[in-house]
Amino acid sequence: MSASALEFSRPIDVANLPAEGRAFAIEASASECARVTTRLGVLAVESLHAEGSVRPQGRVGVVRLDGTLTAHVRQSCVVTLEPFDVTVTAALERLYDASVGDEWADATDEQGQLVVHIGPDVFSEPLVDARIDVGEAVVEQLALELDPYPRKPGAIFAATS
């Protein structure tokens, strides 16, 4: 997805990171929150903020992103259908590696079977053009943190007989 198509894009150039890294603090605007709301399929993303650092990790071409995200989200209860607010605070951790390619590029064998080759960089994301998009990493992590079946505190499902 191009940076212009992302709902919350904050690219960081990591080509010449100092050894101690570089700190970041980002916050989504109201229009970015509205676009993230649509992407995540929630009632509203009231606010979205992240802070942390990016720093070189070991060998050349490997960058570590560490931080924390905080979001205030309005979801719909699966039991009562009432809206309720949730505060999400989560760790943001990613490892980017310039030597990682597209693991799906040759994902099928001669018989059309899906084959994924797992190597030592399995938990690294591709580092392309020495840039990482911290905003996109934040939205991805927020999506993982949200309860897919949100329940308002105190909501109880009562089966009818």
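Across the range 123-142, what is the total count of residues that are open to solvent by 50 Å² or more (accessible area, probe 1.4 Å) and touching a helix residue (DSSP H, G or I) at 6+ places or on another chain (Cβ under 7 Å)?
0
Please enumerate the residues belonging to the range 55-86 that are within 16 Å of the chain's Cα centre (by Cα) and over 30 Å from Asp129 (Cβ atoms).
Listed by number, the residues that qualify are His72, Val73.
Are any residues in the range 1-45 among the charged types (D, E, K, R) and open to solvent by 50 Å² or more (accessible area, probe 1.4 Å), and if so, which ones? Spell out how you get there, then give the answer.
First, pick out the residues of the range 1-45 that are among the charged types (D, E, K, R): 7, 10, 13, 20, 22, 27, 32, 35, 39.
Matches in the range 1-45: Arg10, Asp13, Glu20, Arg22, Glu27, Arg35, Arg39.
Go through the range 20-40 and give me each residue that's small (Gly, Ala, Ser) and at pLDDT 95 or above.
Ala23, Ala25, Ala28, Ser29, Ala30, Ser31, Ala34
How do the strands (runs of 3 or more DSSP E) wholly within the range 1-87 filter down when requiring 1 or more residues that are free of Cβ contacts under 8 Å to residues at least 60 places away in the same chain: which remain? Please lay out each step first, then the result.
Working: elements: 11-13, 22-27, 44-56, 62-76.
Fully inside the range 1-87 and qualifying: 22-27, 44-56, 62-76.
Kindly evaluate Val42 against the criterion of being closer than 19 Å to Thr68 by Cα and touching a strand residue (DSSP E or B) at 6+ places or on another chain (Cβ under 6 Å).
Judged against the criteria, Val42 is not a match.
How many residues, within the range 46-59, are modelled with pLDDT under 95 and surrounded by fewer than 16 Cβ atoms within 10 Å (Cβ to Cβ)?
Going through the range 46-59 one residue at a time, the tally reaches 2.
Every residue, every condition in (1) modelled with pLDDT of 90 or more; (2) closer than 30 Å to Asn16 by Cβ, yes or no:
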{"position": "Leu114", "(1), (2)": "no, no"}
{"position": "His117", "(1), (2)": "no, no"}
{"position": "Val122", "(1), (2)": "no, yes"}
{"position": "Glu136", "(1), (2)": "yes, yes"}
{"position": "Glu140", "(1), (2)": "yes, yes"}
{"position": "Leu144", "(1), (2)": "yes, no"}
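Are there any pairs with C-beta distances below 7 angstrom linking a residue in the range 139-161 that is in a loop (DSSP other than H, G, I, E, B) to a residue that is open to solvent by 50 Å² or more (accessible area, probe 1.4 Å) and modelled with pLDDT under 85, with the two at least 6 apart or on different chains, and if so which?
Matching pairs, first to second residue: none at all.
The values are calculated or read from the model by the stated rules, or taken from the named source; none is laboratory data. None of the values given here were measured: they were computed from a predicted structure. Positions of Cβ are backbone-derived with ideal geometry, glycine not excepted, and every protein chain shown enters the neighbour counts. Areas reflect the complete protein model, heavy atoms only, side chains present, ligands, DNA and RNA absent. Shrake-Rupley method; radii C 1.70, N 1.55, O 1.52, S 1.80 Å.
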